[in-house]
Structure formats: structure tokens, C-alpha cells
Amino acid sequence: MRSESNPDFGPQLEAKSSPTQFKFPFHPQWQNVEACGHCGYTQEAGFKFCVSCGKRPLLVIKQEQEDRADFNNSLRVLGFYGIYFAILMIISFTLNETYQFDLGVSIGDAIITLVFFFSIKGLWRIILPKKLHLQTLLTVLTLGIASPLLVHKLITFLTVHFKLIDYSLIDFTAPNPLLFALITTALFPAIFEELAFRGFLYHYLEKIGGAKMALLASSFLFAMVHFSMISLIWLFPFGLLVGYLRQKHNTLIYGIILHFMHNVGVILLDWNGY
């Protein structure tokens, strides 16, 4: 058997009984090699174009096709949800609002939100974390107590100085106004707005533009859908805060707790005439 060396090609081995030849360029720094799916030429793993046939790897092409499909699907789902929400707003503005109507809208929106949320495989895992962080939970509880007080003072200041229309979050025509408000204005939004804006909307926005874009866009949409210019002052920062908690800890539970505590605090302040 005879062995020869070549600076561009590895050792060339020849044997009379069973000749063997390395058919790929050999470089000592290569850790892994990969064969081209088109022509079978073997070269350094992770190549962008085959040095033999010039084509791109099949895995890269497949990944790009999957990414493009995810992008198009995200746009399609966001479009469907936008149409649904536009219809919901038209109905809300054209029909006379009663407590029965508000309850029906809350239940209907909850069902639609659950359909969108659970249509994404495995997304339900972000509702609850494997382990609660005590420090984060204490921070959330503190913010849940402080935020309604700060927002209430801000709204009171703006209402008085700019002569804005003051409105109540409590429908006193309901059989049990406080309980009804706690269910439709505190509990339902805390759960289903988080499932929507920090759940599946964040999920699809992240696929389109990344985590930063998802955080900003979901917070902006969250503020806009309340259709209150005065509320934009605090709703957008609040959306950023709960979005940050979702992004950092990959769970919705902290946002749900904070959202619920904030809404309950605002309702109780309104109920007691503050």
C-alpha cells in the first residue's frame, strides 16, 4: 500500500485488493463533514453552497420554506383575528349596551380567545411555569396594589384639569353590580386579554418580527383596543410591563395576577367613590 500527501486533498490511500480513496477536501480544522443532498459531494458541515454542484443544502431550503410558511400563517391568523375584533367593535358601538349584553360579549370573546390560543400546539404550557419565582411574585403583588392607586390619581387629575367625562366601570343596573364588575371587568380581562395579547398575538408577532417587535406591537394593540385616548397614557406602559414579564419568564401567570389585581383595585376605588 502506498500513501501520498497533498496540501489540498487528504491522504490518498491505494490498495491492490480494495482501493479506497477520500473524495473530499481535508482540512485539520474541520470537525464535521456533510454530504450534499443533490450530488453527494462531501464537504465541511454547515456549507451554504455545494462546492461541487453549486446548489444550496436541502436542509437550508426546507428550513426557509418552513419559515416562509410560518410567516404567512402568522399574517393569516392575525388577519382573521383583526376581522373578528372589528366585527366585535361594530356590534358594540351599534347595539345598546346593557349588563346582559356586556356579559354575552365577555363570554363570546372568551370562547373565541380560547379557540385561537389552543389552536397553537403546546402554547398552553406558558400559562403556568414549572416553578414560581418568589421574588418576582412579591414584586407583582406589590405592583398590583400600587398600580390602581397611581392610575386612579392620574385619571382623577386629568379629568379635573382637562374637564374630561368621568365614567364608571361599574354597571349599577346589574343585579349585583360589584360582583358583576369583578367578573366582567376584572376576572375576564385578566385571563383572556393575557391569553390573547401576551399569548397567541405575541406568539405570531414574534414569528413575524422578533421578540422586541412582539413586545411593542402587542402592548400597542392592547392599549388601542380599549378605545380610550386617556387610557393610552397608562395602558401602553402597563402592556409593556406584563409583556416583559411574559418575555422574561416565558409564562402568563405573573401578567394574569398583576392584571387581575390592578382591575380589582380600580373597581374597588370606583365602588367606594374615590
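The values are calculated or read from the model by the stated rules, or taken from the named source; none is laboratory data. Computed from a prediction, not measured in an experiment: that's the story for all the values here. Every residue, glycine among them, receives a Cβ derived from its backbone with ideal geometry; neighbour counts consider all protein chains shown.
Are there any helices (runs of 4 or more DSSP H) wholly within region 163-274 with 1 or more residues that are closer than 25 Å to Ala86 by Cβ and either in the same structural domain as Ile90 (by TED's automatic domain parsing) or at pLDDT 95 or above (or both), and if so which?
201-209, 211-224, 232-249, 253-271
When region 252-274 is examined, which residues are found to be surrounded by fewer than 21 Cβ atoms within 10 Å (Cβ to Cβ) and more than 26 Å from Phe172 (Cβ to Cβ)?
Ile253, Ile257
Among the residues of region 211-225, are any surrounded by fewer than 18 Cβ atoms within 10 Å (Cβ to Cβ), more than 17 Å from the chain's Cα centre (by Cα) and aromatic (Phe, Trp, Tyr)?
no
Considering Ala214, Ala146, which residue is free of Cβ contacts under 8 Å to residues at least 40 places away in the same chain, in contact with an Asp or Glu (Cβ under 6 Å, 6 or more places away or on another chain) and more than 24 Å from Tyr99 (Cα to Cα)? Don't jump to the end; show me each part of the working.
Working: Ala146 fails: in contact with an Asp or Glu (Cβ under 6 Å, 6 or more places away or on another chain).
So the residue among Ala214, Ala146 that is free of Cβ contacts under 8 Å to residues at least 40 places away in the same chain, in contact with an Asp or Glu (Cβ under 6 Å, 6 or more places away or on another chain) and more than 24 Å from Tyr99 (Cα to Cα) is Ala214.
With Leu114, Leu158 as the choices, which residue is surrounded by 12 or more Cβ atoms within 10 Å (Cβ to Cβ) and within 25 Å of the chain's Cα centre (by Cα)?
Just one listed residue meets the conditions, Leu114.
Quick grid of which residues meet (1) among the hydrophobic types (A, V, I, L, M, F, W, C); (2) crowded, with 18+ Cβ neighbours inside 10 Å:
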position	(1), (2)
Leu103	yes, no
Ser168	no, no
Leu182	yes, yes
Pro189	no, yes
Phe192	yes, yes
Ala196	yes, yes
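Quick one: is Gly144 part of a helix (DSSP H, G or I), surrounded by 15 or more Cβ atoms within 10 Å (Cβ to Cβ), modelled with pLDDT of 90 or more and within 27 Å of the chain's Cα centre (by Cα)? Spell out the reasoning first.
Values: part of a helix (DSSP H, G or I): yes; surrounded by 15 or more Cβ atoms within 10 Å (Cβ to Cβ): yes; modelled with pLDDT of 90 or more: yes; within 27 Å of the chain's Cα centre (by Cα): yes.
So Gly144 passes the test.
Check Ile87 against each of (1) within 14 Å of Leu201 (Cα to Cα); (2) surrounded by fewer than 13 Cβ atoms within 10 Å (Cβ to Cβ) and name the one condition it does not meet.
The single condition Ile87 does not satisfy is (1).
Just wondering, is there one or more residues in region 59-66 that are touching a residue at least 40 places away in the same chain (Cβ under 8 Å) and out of contact with any His (no Cβ under 9 Å at 6 or more places or on another chain)? Full working, then the answer.
Of all residues in region 59-66, those touching a residue at least 40 places away in the same chain (Cβ under 8 Å) come to none.
The answer is no; no qualifying residue exists.
Please enumerate the residues belonging to region 152-184 that are closer than 17 Å to Trp234 by Cα, touching a helix residue (DSSP H, G or I) at 6+ places or on another chain (Cβ under 6 Å) and not hydrophobic (A, V, I, L, M, F, W, C).
His152, Asp166
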